[in-house]
Amino acid sequence: QVQLVESGGGLVQAGGSLRLACTASGRTVSTYTMSWFRQAPVREREFSAAVSRSGTYATYSDSVEDRFTISRDNSGDGAKNTVYLQMDSLKPEDTAVYYCAARSTPYLTSLYTTPTTYTDWGQGTQVTVSS
């Protein structure tokens, strides 16, 4: 099990940028695939981006590809990683609570996009994009 704490949300105008951070701590955090999901009011939680254990591979939803970039800093002591979501060219429809998620995997390159496959979640951070 890992502990996830998100930060970096806020209010930004359309066309602007934000960078979210998720600090993951736990004994085996380096064995986890990490992702960002988001949930807007009255909508289901949806996948945004995922990064592999190694940090080499990433995948994005169609709605954020070419605007968002996920990255991972594995340079810690092995028990602490940070995952970032750089969000550029933000649109009002990006307004949502953004959640960091993690799941253990034995594979260095695996990516997962279904929320039910993730075992650990952060508390979420609000992103609001004004028009």
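Apart from one condition, residue 75 fits all of (1) free of Cβ contacts under 8 Å to residues at least 40 places away in the same chain; (2) under 15 Å from residue 4 (Cα atoms); (3) open to solvent by 40 Å² or more (accessible area, probe 1.4 Å); the exception is (2).
One residue stands out among those in region 104-116 that are open to solvent by 50 Å² or more (accessible area, probe 1.4 Å) and outside any loop (DSSP other than H, G, I, E, B): the one that is modelled with the highest pLDDT, which is 116.
Hey, can you tell me all the residues within region 1-40 that are part of a loop (DSSP other than H, G, I, E, B) and surrounded by fewer than 16 Cβ atoms within 10 Å (Cβ to Cβ)? Steps first, please.
Step one: of region 1-40, the residues part of a loop (DSSP other than H, G, I, E, B) are 1-2, 8-9, 14-17, 26-28, 40.
The answer is 1, 14, 15, 16, 17, 27, 28, 40.
Determine if region 86-95 includes at least one residue that is of a type outside the set (Lys, Arg), within 20 Å of residue 119 (Cα to Cα) and open to solvent by less than 40 Å² (accessible area, probe 1.4 Å). Talk me through it step by step, then tell me what you get.
Kept after step one, since they are of a type outside the set (Lys, Arg), are these residues of region 86-95: 86-90, 92-95.
Now drop any that are not within 20 Å of residue 119 (Cα to Cα), which leaves none.
No: zero hits.
Among the residues of region 42-70 satisfying the criterion of being farther than 22 Å from residue 89 by Cβ and free of Cβ contacts under 8 Å to residues at least 24 places away in the same chain, which is nearest to the chain's Cα centre (by Cα)?
55
Okay, residues lined up against (1) out of contact with any Phe, Trp or Tyr (no Cβ under 6 Å at 6 or more places or on another chain); (2) within 16 Å of residue 101 (Cβ to Cβ); (3) aliphatic (A, V, I, L, M):
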| position | (1), (2), (3) |
| --- | --- |
| 25 | yes, yes, no |
| 29 | yes, yes, yes |
| 47 | no, yes, no |
| 52 | yes, yes, no |
| 58 | yes, yes, yes |
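Checking each residue in region 42-72 for being touching a helix residue (DSSP H, G or I) at 6+ places or on another chain (Cβ under 8 Å) and open to solvent by less than 40 Å² (accessible area, probe 1.4 Å) picks out 47, 64.
The values are calculated or read from the model by the stated rules, or taken from the named source; none is laboratory data. All values reported here derive from a predicted model rather than from experimental measurement. Positions of Cβ are generated from backbone atoms using ideal geometry, with glycine treated the same way; all protein chains shown enter the neighbour counts. Just the protein is used for accessible areas: all its heavy atoms, side chains included, with ligands, DNA and RNA removed. Shrake-Rupley method; radii C 1.70, N 1.55, O 1.52, S 1.80 Å.
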